[in-house]
Ligand code: SF4
Ligand code: SF4
């Protein structure tokens, strides 16, 4: 499962615009798959402050401990754990910064456009009638 994190579509859908999954009421099954895909988890400047405050560290400490520059050197991205999962994915498959997680994460899956999203995300599959939400 490569580079899903970097193939997020820009959230440009106008209200009422066609969107294949935005209308679905998906129930996250907390499989953690989307937090294990390779690719960047972009953290915007205003999100740095919120995440740092949530963690009880300074923005500089957050950036030095939990983030790295993207290859363009224009954005920060969360680092990964040794197994490739996001640094904030807990052993229980829950996000440790859920209340302040980056927009890229909050927008998933409703505002992402990736191939075979129903295969990649069990919640989408269930919402589309291909499985049972838990
Ligand atoms: S892949 Fe889908 S079901 Fe699994 S954790 Fe992510 S949003 Fe939830
Ligand atoms: S910040 Fe949270 S939701 Fe986003 S990839 Fe990391 S663990 Fe997953």
Exercise. Since residue 22 meets every condition but one in (1) more than 15 Å from ligand 2 (Cβ to nearest atom); (2) closer than 30 Å to residue 125 by Cβ; (3) modelled with pLDDT of 95 or more, which condition does it not meet?
Worked result: (3)
Seminar exercise, completed: Looking across the range 30-43 at residues that are farther than 17 Å from residue 116 by Cβ and within 7 Å of ligand 1 (Cβ to nearest atom), the single one that is surrounded by the fewest Cβ atoms within 10 Å (Cβ to Cβ) is 30
For this session: Answer yes if at least one residue in the range 109-130 is surrounded by 13 or more Cβ atoms within 10 Å (Cβ to Cβ) and within 9 Å of ligand 2 (Cβ to nearest atom), and no otherwise.
Result: no
Exercise. Is there any pair with a first residue in the range 40-55 that is over 12 Å from residue 101 (Cβ atoms) and a second that is modelled with pLDDT under 95 whose Cβ atoms are under 6 Å apart and which are 6 or more apart or on different chains, and what are they?
Worked result: 40/5; 40/6
For this session: Kindly indicate the residue of the range 86-105 that is exposed (fewer than 13 other Cβ atoms within 10 Å of the Cβ) and under 20 Å from residue 45 (Cα atoms) and also nearest to ligand 2 (Cβ to nearest atom) among those meeting that condition.
Result: 98
Exercise. Which residues, taken from the range 81-92, are farther than 17 Å from residue 54 by Cα and more than 13 Å from the chain's Cα centre (by Cα)?
Worked result: 81, 82, 83, 84, 91, 92
Problem set entry | Boolean, residue 79 is exposed (fewer than 14 other Cβ atoms within 10 Å of the Cβ) and modelled with pLDDT of 95 or more | yes
For this session: Report, by residue number, each residue of the range 87-110 that is within 12 Å of ligand 1 (Cβ to nearest atom) and either touching a helix residue (DSSP H, G or I) at 6+ places or on another chain (Cβ under 7 Å) or closer than 17 Å to residue 56 by Cα (or both).
Result: 89, 95, 98, 101, 108, 109
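The values are calculated or read from the model by the stated rules, or taken from the named source; none is laboratory data. All values derive from a computational prediction rather than experimental measurement. Note that each Cβ is placed from the backbone with ideal geometry, even for glycine, and that neighbours are counted across all protein chains shown.
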